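Heads up: the structure comes next, in structure tokens.
The values are calculated or read from the model by the stated rules, or taken from the named source; none is laboratory data. Source: prediction; values computed, not measured. Cβ coordinates were reconstructed from backbone atoms using ideal geometry, including for glycine residues, and neighbour counts include every protein chain displayed. SASA here: full protein model, heavy atoms, side chains in, ligands and nucleic acids out. Shrake-Rupley method; radii C 1.70, N 1.55, O 1.52, S 1.80 Å.
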Amino acid sequence: MQFGYFTMPSHPPERPLKDGHEWDLQVIRWLDELGFSECWIGEHHTAPWEPHPSPDLLVAQGLMQTKNIRLGPGGFLLPYHHPAELANRVAMLDHISGGRLNFGVAASGLPSDWAMFNVDGMSGQNRDMTRESLEIILKMWTDPAPWTHKGKFWTVTKPDTMFDFLKPHIKPLQAPHPPIGVAGLSKNSDTLKLAGERGFIPMSLNLNPAYVGSHWDSVEQGAAKSGRKPNRRDWRLVREVFVADTDEEAWEHSVNGMMGRMMREYFLPLLESFGFSAYLKADPTTPNDAVTVEYCAKHNWFVGAPHTVAAQIEKVYADVGGFGHLLLFGFDYVEDSDAWHHSMDLMANEVLPRIAHLTGA
């Protein structure tokens, strides 16, 4: 079992953008010091509670301030970037990283982002654009011959040498490219089927374990198409986590802290608006209005003293059939930073030894 971190990044709307960015950098430094394996950083454009439109800026600065942790976008919203430009930018970022870069990709799920970029997400155009963009990016990195792609959304040319010295020359440091991660939400997730088919890293977002358990089925369905055998050690589960010296302290810091506030004011209403409340229910017959912060803390979060959290991880591990990486869901604890740092410290030094036997094998 390895511990990593996934951050939207999330900040309350009143937090100045620079202050939120500085908090994220501080957390990345702590993660590196504590031995966390990786950190994934999201991209959003129209969500005041998820206010970072350029994860590569945070990744680039984080790489300069850390030594071991792998960093990456989690992920770049491919419909909103020209694939040739992004291929070159990510390749350059991989060189800056010294080979510590992960490359997360996503299709974008916010209707307000779709509207800003004139993408018809209701028809699935965002998913079609994501598949085409990724096809172009991978071809930019792996096909040395001159070619032209004339697709539905982009026409891209990889030209031959011009004037004896002008030619495409930028490719990633990691061969053939950085590890690629994709996140899934619903049952029968198309993105997780893609992960299985192409050998990408599958990431399951923070939902009830009853739904998450079906995600590996999607990975295996995709893998069967290409004759691959997926490894559960590669599977990442994102989860809200707060560890404290006692169960009571952990509950107070989480449910009545920024974790609870963000869920109460933003995330739960957002999921309800999308009709996704069912994904949080331990029992499908639970009324939607019963899916509160306290309900999620009890049924979905890992909250408590180290022995409590270790037992919670063990249970979910057994329920879903095993996984290799637990990604802590990031929150803005600027006003309670010691408690957040202590939580991550306890995860690394008290919880991890208790679950070292969970390998995902």
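Worth pointing out:
- Using a probe radius of 1.4 angstrom, the carbon and sulfur fraction of the accessible surface of the chain is 53%.
- Comparing Cα centroids, the range 286-344 and the range 111-161 end up 36 angstrom apart.
- Förster-model FRET efficiency, 41 Å R0, residue 164 and residue 17, C-beta, rounded to 0.05: 0.35
- In the range 104-181, lysine pairs with alpha-carbon atoms under 17 angstrom apart (chain gap of 8 or more, or interchain): 8
- Pairs exceeding a 25 Å alpha-carbon distance, out of 187/315; 18/298; 187/298; 187/225: 18/298.
- By the rule of a C-alpha distance below 19 Å, with chain neighbours fewer than 8 residues away ignored, the lysines paired with residue 229 are 193.
- Cβ-based charge dipole, the chain, positive-most Cα from 149, 290, 352: 149
- Descending by average beta-carbon neighbour count within 10 Å, the peptides 288-295, 317-324 line up as 317-324, 288-295, the highest first.
- Per residue, in Å², the accessible surface of the range 36-162 once ligands and nucleic acids are set aside, probe 1.4 Å: 41
- Centroid-to-centroid, using Cα positions, the range 186-207 and the range 235-277 are 23 Å apart.
- The order of the peptides 336-344, 221-229 by mean Cβ neighbours within 10 Å, most packed first, is 336-344, 221-229.
- For residue 100, the solvent-accessible surface computed with a 1.4 Å probe is close to 30 Å², ligands and nucleic acids excluded.
- With protein chains left intact and a 1.4 Å probe, residues in the range 228-361 average 43 Å² of accessible area per residue.
- For the listed peptides 54-65, 200-211, 29-40, a ranking on the average number of other beta carbons within 10 Å per residue, highest first, reads 200-211, 29-40, 54-65.
- Charge dipole of the chain (Cα centre as origin; +1 on each Lys and Arg Cβ, -1 on each Asp and Glu Cβ, all else neutral): 1660 debye, rounded to the nearest 20.
- Average Cα contact separation per residue, the chain, under 8 Å, 6 or more apart, as relative contact order %: 19
- Each of [x] 77, 51, 42; [y] 60, 47, 37; [z] 70, 43, 43 is a candidate for Cα extents along the principal axes in Å; the one calculated from this structure is [z].
- Modelled this way, with points 7 Å down the Cα-to-C-beta line, the labels at residue 123 and residue 33 are 5.2 nm from one another.
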